[in-house]
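Below is one structure, written out as structure tokens, with a few remarks after it.
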Amino acid sequence: MLEELDLPVALDTRLGPMELRGAMEADLDAIMALLADDPVSATRGDVASVHVRGLYARGLHRILNDDGNDLLVATLGDAVVGTMQLTVVPGMARRGSTRLMVEAVRVANDQRSGGIGGAMLRWVTDVAAPAVGASLVQLTSDAARTDAHRFYTRLGFVDSHVGFKFAVRR
């Protein structure tokens, strides 16, 4: 999907110019840290530990080798300060329309309120969705993330559906 997105791209934030680009294997530790730094993700077992690095590496490899998925990172200088996964979902509903799913949006705690997340998601709605032919951008957010819900609403997202999850036992 990256070829349609014309990455990397420079985006303006209150903290200065940010680069949004496709994730690389060298970004793995920074992405793990962003996931582990999030309190909700931490309750689900996300940790930045060498002991589970192989599991994250396998996940990253699968995403990077799937034409319908991409993992992006936002950088300020050399530091990875944000990440998100984009998935193109072809569908039958809405007259066969395509959706762009946004997952695992994370911004480093010490960089929040600097415009990073807003720049990332405005780029998704304004550039990425049209580039992949999506008529709808959707995301889910844990019910506990009330600050994130206000943020998404400010960006124009509408809380229109109730989501359900089923944890598969392994």
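Looking at Q111, is it touching a strand residue (DSSP E or B) at 6+ places or on another chain (Cβ under 8 Å) and in contact (Cβ under 8 Å) with a residue 60 or more places away in the chain?
It is true that Q111 is touching a strand residue (DSSP E or B) at 6+ places or on another chain (Cβ under 8 Å) and in contact (Cβ under 8 Å) with a residue 60 or more places away in the chain.
Could you figure out which of (1) within 26 Å of R14 (Cβ to Cβ); (2) within 13 Å of the chain's Cα centre (by Cα) isn't true of V127?
Single failed check for V127: (2).
For the range 122-170, what are the residues that are touching a strand residue (DSSP E or B) at 6+ places or on another chain (Cβ under 7 Å) and of a type in the set (V, I, T)?
Residues satisfying the conditions are V124, T125, V132, V137.
So which residues in the range 118-146 are in contact (Cβ under 8 Å) with a residue 12 or more places away in the chain, β-branched (V, I, T) and not in a loop (DSSP other than H, G, I, E, B), if there are any at all?
Of everything in the range 118-146, those that are in contact (Cβ under 8 Å) with a residue 12 or more places away in the chain, β-branched (V, I, T) and not in a loop (DSSP other than H, G, I, E, B) turn out to be V124, T125, V127, V137.
Filter the range 147-169 for residues that are among the basic types (K, R) and assigned to a loop (DSSP other than H, G, I, E, B); which is farthest from V124 (Cα to Cα)?
R169
Quick one: would you say L20 is more than 26 Å from A144 (Cα to Cα) and touching a strand residue (DSSP E or B) at 6+ places or on another chain (Cβ under 8 Å)? Let's see the steps before the verdict.
Working: more than 26 Å from A144 (Cα to Cα): yes; touching a strand residue (DSSP E or B) at 6+ places or on another chain (Cβ under 8 Å): yes.
In short, yes.
Which members of the range 68-122 meet the condition of being hydroxyl-bearing (S, T, Y) and either at pLDDT 95 or above or more than 20 Å from G16 (Cβ to Cβ) (or both)? Please lay out each step first, then the result.
Taking the range 68-122 first, the residues hydroxyl-bearing (S, T, Y) are 75, 83, 87, 97-98, 113.
Matches in the range 68-122: T75, T83, T87, S97, T98.
The values are calculated or read from the model by the stated rules, or taken from the named source; none is laboratory data. Not measured: the values here are computed from a predicted model. Note that we place each Cβ from the backbone using ideal geometry, even for glycine, and neighbour counts take in every protein chain shown.
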